Every structure is written in structure tokens, then in C-alpha cells.
Amino acid sequence: MWELASLSPPHVPTDPGPEWWNGGVLSAAQESMGDPGAVTALITGRPARLRSRVEEILRSGGLSGLNGGTHLLTGGDTGSFKIRTMLGILESNPSVRTVEIWDDREDLVERYRTALEGLGLRVIVHIV
């Protein structure tokens with residue numbers, strides 16, 4: 001379904017400049033990365049075979065070296081993959097009490113909220 005062309009010109013510039021990014025999302029990600037108490041991760045439904053291009057795009061926005069990792073779809077549906085990945089990150093970081101999610105899939109965020117709130121976590125969702 002997803003091809004490299006969807007992350008390449010003309011859809012995404014070779015080296016996206018600041019005008020290409022959603023400034024609020026980029027600032028929030030960079031702020032999170034600067035917080036030693038935060039775990040910052042990218043979890044995307046893009047397939048793992050696009051990893052190198054996704055990482056190039058992240059670097060162009062100053063988002064390389066996410067301490068929670070960069071996670072690309074390795075199988076199954078996007079919603080289940082993202083929940084499994086979040087649960088794995090949380091298992092490795094048991095002190096996390098609040099999860100802030102930035103996602104463009106309004107149809108999936110309630111699944112995430114339900115799964116995480118079921119663990120007693122505070123969940124903040126931003127639809128972008």
C-alpha cells in the first residue's frame with residue numbers, strides 16, 4: 001500500500017525545511033526530546049521497508065535519536081501495531097504515568113485511549 005514515492009518529491013521534499021513541518025507538532029516533539037523525564041517515540045503505520053526515508057525526514061526536523069525509538073509497521077493493522085508498540089515502550093519505562101499522543105487517525109485514537117487508560121495512565125490526545 002505505502003510506497004517510497006509517498007515520502008518523496010513531489011509529496012515530501014528531499015530535505016524538508018521548516019515550512020513543511022507542522023510547527024506545533026515539531027515544537028512539542030523537540031520539547032519532549034529535551035525533557036530528561038520523557039520518553040519520545042515515533043510509531044507509524046508506514047511499513048518497515050521505508051525506515052531509511054522516515055529517518056531522513058526525522059533528521060531534517062531535528063528529530064533523530066528519539067529515546068523511545070522509531071517504530072514502523074511490521075505486520076497486522078496499524079491500530080493493533082501501535083498499541084502493541086506503546087505497551088512495549090511502557091513496559092520498558094514503568095515510571096511513565098502520562099502518555100501524550102499526536103495522531104492523524106481520529107478513527108483509532110479511542111482504541112489507544114481505552115488501552116492505556118485501562119492501565120491507569122493519563123492519556124492526552126492531539127488530532128493533527
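The values are calculated or read from the model by the stated rules, or taken from the named source; none is laboratory data. Just so we're clear, the structure is a prediction, and the values are computed from it rather than from any experiment. Positions of Cβ are generated from backbone atoms using ideal geometry, with glycine treated the same way; all protein chains shown enter the neighbour counts.
Observations on the structure shown:
- Evaluated against (1) without any contact (Cβ under 8 Å) to a residue 40 or more places away in the chain; (2) crowded, with 18+ Cβ neighbours inside 10 Å; (3) in a helix (DSSP H, G or I), L72 falls short on exactly one condition, (3).
- Qualifying residue in the range 119-126 (condition: of a type in the set (A, V, I, L, M) and in a helix (DSSP H, G or I)): no
- Any hit, the range 35-48, residues being surrounded by 12 or more Cβ atoms within 10 Å (Cβ to Cβ), more than 14 Å from G69 (Cα to Cα), among the charged types (D, E, K, R) and within 17 Å of the chain's Cα centre (by Cα): yes
- Within the range 110-120, the residues that satisfy the criterion of being in contact with a strand residue (DSSP E or B) (Cβ under 7 Å, 6 or more places away or on another chain) and closer than 15 Å to T85 by Cβ are Y112, L116.
- Test: residue in the range 44-60 that is touching a helix residue (DSSP H, G or I) at 6+ places or on another chain (Cβ under 9 Å), under 14 Å from D15 (Cβ atoms) and basic (K, R): yes
- Within the option set S52, S27, S64, S6, being loosely packed, with under 11 Cβ neighbours inside 10 Å, among the hydroxyl-bearing types (S, T, Y) and either more than 12 Å from the chain's Cα centre (by Cα) or closer than 18 Å to L121 by Cα (or both) holds for one residue only, S52.
Residue-wise test of (1) without any contact (Cβ under 8 Å) to a residue 60 or more places away in the chain; (2) assigned to a helix (DSSP H, G or I); (3) in contact with a helix residue (DSSP H, G or I) (Cβ under 6 Å, 6 or more places away or on another chain); (4) over 19 Å from G45 (Cβ atoms).
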| site | (1), (2), (3), (4) |
| --- | --- |
| G65 | yes, no, no, yes |
| M86 | yes, yes, no, no |
| L108 | yes, yes, yes, no |
| L116 | yes, yes, no, no |
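- When S80 is tested against (1) part of a helix (DSSP H, G or I); (2) modelled with pLDDT under 95; (3) among the polar types (S, T, N, Q), just one condition goes unmet, and that condition is (2).
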